[in-house]
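J.: This is the structure I have questions about; it appears just below.
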Amino acid sequence: MGNMETLSQAMSFLQGKGYVEDFNLKPDSLHCVTRQIDIEPDAFQVDAVYRFEGMYDPGDEEILFAISSTKYKLKGAFSKCIWTIC
């Protein structure tokens, strides 16, 4: 899915490909914010992963996951900061 230099570029790219839902991580599922549903692990797949290093500290990392679910007929993105300062 393309090589992106920034998180915002990757998010824009994914939105253009239909990854428009927003997810939050729960202990045993992903919560789709827009549709207010919890998606169990066997009902979604990770289509792509983008990793970004911090501008000033390469140890600061953020990961963006492109996620889809055929069961719920949706695509979206979820980002996770590796360090607490993100």
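The values are calculated or read from the model by the stated rules, or taken from the named source; none is laboratory data. Predicted model only: the values in this text are computed from it and were never measured. Cβ placement follows ideal geometry from the backbone for every residue including glycine, while neighbour counts extend to all protein chains displayed. Note: areas computed on protein heavy atoms with side chains; ligands, DNA, RNA excluded. Shrake-Rupley method; radii C 1.70, N 1.55, O 1.52, S 1.80 Å.
J.: Below 15 angstrom from the Cβ of Ser68, what's the summed charge of the other residues (Lys, Arg +1; Asp, Glu -1)?
T.: 0
J.: Run the simple label-point estimate for Lys26 and Asp38 please: 7 Å along Cα→C-beta, distance reported in nm.
T.: 0.3 nm
J.: Quick one: how many Å² of Thr6 are accessible to a 1.4 Å probe, rounded to 10?
T.: Accessible surface of Thr6 is approximately 60 Å².
J.: Could you compute the net charge surrounding Lys26? Neighbours are other residues with a C-beta less than 11 Å from the C-beta of Lys26; K and R count +1, D and E count -1.
T.: -3
J.: How would Asp42, Asp28 line up by accessible area, probe 1.4 Å, largest first?
T.: Reading off the accessible areas and sorting them downward yields Asp42, Asp28.
J.: If DNA, RNA and ligands are ignored and the probe is 1.4 Å, what is the ranking of Lys26, Lys73 by accessible area, most exposed first?
T.: If we order Lys26, Lys73 from most to least accessible, we get Lys73, Lys26.
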